[in-house]
Amino acid sequence: MSSLTLQLNRALPLSDGEVSAAMAFFERRASREPLQYVLGTQEFCGLEFVVGPEVLIPRPETELLVQFVEEQVKNHASPRIADIGTGSGCIAVTLAHRLPSAHVYATELSHAALALAAENARRHGVSDRIVWLNGDLTEPLQSMDLEGRFAAIVSNPPYIRDADFSTLQPEVGLFEPRLALAGGPDGLDHHRRLLHDAFPYLQPGGWLIVEVGRGQTESFRHLAETRGNHYNIRIIPDEAGIDRVIGVQKHRTA
């Protein structure tokens with residue numbers, strides 16, 4: 001219901017069922033369940049996404065990933081893009097929505113999350129331009145003859161350090177899926193795998209674009225530099241000034 005409708009009907013009495021439903025919502029929120037799960041949706045890049053406890057709630061800083069990908073593929077006629085660990089599908093669906101000529105592949109380990117991501121694609125009319133793949137990180141790509149074919153591989157992988165879970169707000173630590181949060185001792189377990197596994201699928205000059213947590217930039221940069229298969233690294237801060245997105249470009253002569 002829109003805010004205008006609420007204003008126009010503010011004197012309208014509520015039914016017993018509506019009061020009960022409202023009280024149930026209040027109780028859920030009082031237990032620190034995220035408001036997005038209570039309401040069932042979250043806005044991302046101007047689109048509304050269905051969310052639930054199966055998936056991480058889309059966050060504003062993750063929109064930087066979408067913007068980075070758009071910038072890097074804008075001169076490609078029909079770019080092939082992979083979203084690794086798609087969760088709610090917010091990145092894959094938004095890219096398919098904004099880039100009508102793009103071919104998008106989205107991988108996800110959780111069956112429940114993949115089903116919800118597919119629902120979001122249907123809501124926004126892009127189901128026919130996203131290939132949904134169940135599996136761990138890049139593993140579903142292995143049998144598809146896609147080596148050297150992607151202009152960009154993007155991921156918002158888990159990056160919470162093991163020691164930091166006790167400091168998380170209850171809304172995050174108690175309700176959001178640990179699978180989408182836990183990044184190992186330094187938070188970079190999945191980033192290491194992506195640096196190792198994703199580059200063979202990038203075309204020369206293609207980009208691996210990932211989100212990182214506070215204080216992880218230099219560690220990630222070191223990991224990327226020891227790989228030796230890139231020639232450009234770009235770091236994008238979020239609105240709070242925290243380094244949030246890192247792009248690593250594959251060498252053009254690879």
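Nothing in this text is a laboratory measurement; each read-out follows from the coordinates by a stated rule. Owing to the predicted nature of the structure, the values given are computational and were not obtained by experimental measurement. Cβ coordinates were reconstructed from backbone atoms using ideal geometry, including for glycine residues, and neighbour counts include every protein chain displayed.
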* To do: Could you tell me how many degrees, from 0 to 90 and to the nearest 10, lie between the Cα long axis of helix 111-123 and the main elongation axis, the longest principal axis, of the Cα atoms of the chain?
  => 80 degrees
* Using modelled backbone amide H atoms (1.01 Å from N, in-plane), which distant-in-sequence or interchain residues come within less than 5 Å of Phe44's amide H? -> Phe49
* Structure fact -> Rounded to the angstrom and largest first, Cα extents along the principal axes for the stretch 129-209 equal 42, 25, 18
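Let's test the formula: R0 of 25 Å, r as the Cβ-Cβ distance of Ala112 and Leu174. What FRET efficiency results, to the nearest 0.05?
Details: r = 18 Å, r/R0 = 0.72.
After rounding to 0.05, the efficiency reads 0.90.
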* Asked: What are the principal axis extents of the Cα atoms in the stretch 186-235, in Å, biggest first?
  -> 29, 18, 18
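Give a quick list of GluC sites (Glu not before Pro) in the stretch 202-242 that DSSP marks as loop, anything other than H, G, I, E or B, with at most 16 other Cβ atoms within 10 Å. Kindly include the intermediate steps, with their values, before the conclusion.
Values: sites: Glu211, Glu218, Glu225, Glu239; in loops: Glu239.
In loop regions of the stretch 202-242 (DSSP not H, G, I, E or B), the sparsely surrounded GluC sites (Glu not before Pro) are Glu239.
About its Cα centre, how strong a charge dipole does the stretch 54-250 have in debye, to the nearest 20, once Lys and Arg get +1 and Asp and Glu get -1 at the Cβ? Before the final figure, lay out the partial values.
Numbers: 18 positive and 26 negative charges, 103 e Å.
Charge dipole, the stretch 54-250, about its Cα centre: 500 debye, nearest 20.
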* Asked: If the viscosity is 0.692 mPa s and the temperature 37 °C, what Stokes-Einstein diffusion coefficient in µm²/s follows for the stretch 86-180 when Rh is the Kirkwood radius over Cα pairs?
  -> 225 µm²/s
* **Residue order, fewest to most surrounding Cβ atoms within 10 angstrom, among Ser166, Ser78** => Ser166, Ser78
* Asked: What is the pair-distance distribution P(r) of the chain, computed from all Cα-Cα distances in 5 Å bins starting at 0, with each bin given as a whole percent?
  -> 1, 6, 13, 16, 19, 16, 11, 7, 4, 3, 2, 1, 0, 0
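Roughly speaking, what is the stretch gain from Thr41 to Arg221, that is 0.36 nm per residue apart minus the C-alpha to C-alpha distance, in nm to one decimal? Show your work: numbers first, answer last.
Numbers: separation 180, 0.36 × 180 = 64.80 nm, distance 3.46 nm.
In short, 61.3 nm is gained.
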* In deg cm²/dmol and to the nearest 500, what is the mean residue ellipticity at 222 nm of the chain if only DSSP H runs of at least 4 residues count, each as -39500 (n - 2.57), divided by the residue total? -> -9500 deg cm²/dmol
* Structure fact -> Amide H proximity to Tyr105 below 5 Å, modelled H, separation 5+ or other chain, gives Ile81, Ala82, Asp83, Val131
